[in-house]
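The structure under discussion appears below in the form of structure tokens.
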């Protein structure tokens, strides 16, 4: 299946291409994609917003292809689930390194010993005929006390995954793409499209 991905984030695009490539899909970006303003309500809403925007932009360019939108974030239990859907906007115009530092500092300032965190990913698929399907998955872990590893992107270096005893930043791309929230959502979406059982319904 040939699909356009609604993202301008090169790290996310590479990850989606690798994950979906393993499922027999080919993903590519659309150079003319203009990102819509995201909301604060839910990952699913934002993923749908992105997918529908790209679908309309492709149609305007005379391209009739399926599209996929992704919205994801990190939720910290001790911070009442923040930054959540605002993960990519946490800290305003801060860099990703600054966002990671700010999140660790905020957890320390909270005084809580609870380091539980989870990554959440929603995927929204719009077929070439305009029909739509969405899934959402999550992966439990913890916030590390400091950055570890230089792999991945966004909050990977501070997301500790107990089953592998490493942060996502310490995992190889292959290791991460086997277990990540985005991989879980991709497999759920592929299964739904194939008519089989899947999580995230």
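Values in this text are rule-based calculations from the coordinates and carry no lab data. Note that the structure is predicted; figures quoted are calculated from it, not measured. Quick reminder, even Gly has a Cβ in these numbers, built from the backbone with ideal geometry, and neighbours come from all protein chains shown.
Cα-based Rg of the chain per 2.2 N^0.38 Å, rounded to two decimals?
Details: Rg = 16.7 Å, N = 201, 2.2 N^0.38 = 16.5 Å.
Taking N as the residue count of the chain, the ratio is 1.01.
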Helix 181-194: inclination vs the chain longest Cα principal axis, degrees, rounded to 10, gives 30 degrees
Whole-Å distance linking the alpha carbon centroid of segment 1-56 with that of segment 150-170 is 23 Å
Under Stokes-Einstein, segment 1-110 at 25 °C and 0.890 mPa s, with its Kirkwood radius over C-alpha pairs, diffuses with a coefficient in µm²/s of 160 µm²/s
Dividing the mean separation of Cα pairs under 8 Å (6+ apart) by the residue count of segment 2-194 yields a relative contact order in percent of 19 percent
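Which of the peptides 32-44, 111-123, 148-160 is most tightly packed, and how do the rest follow, going by the mean number of other Cβ atoms within 10 Å of each residue? Intermediate results must be reported in sequence, preceding the final value.
On the way: 32-44: 13.8, 111-123: 18.1, 148-160: 20.0.
Those peptides, ordered most packed to least, come out 148-160, 111-123, 32-44.
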Rounded to the nearest 10 degrees, the helix 43-60 long axis (Cα) sits at an angle to the longest Cα principal axis of the chain of 30 degrees
Taking the chain and counting helices only, DSSP H stretches of n ≥ 4 at -39,500 (n - 2.57) each over all residues, the nearest-500 ellipticity at 222 nm comes to -10500 deg cm²/dmol
Contact order relative to length for segment 5-47, counting C-alpha pairs under 8 Å separated by 6 or more residues, stands in percent at 38 percent
Taking Cα atoms, the helix 10-21 axis meets the longest principal axis of the chain at an angle in degrees (rounded to 10) of 60 degrees
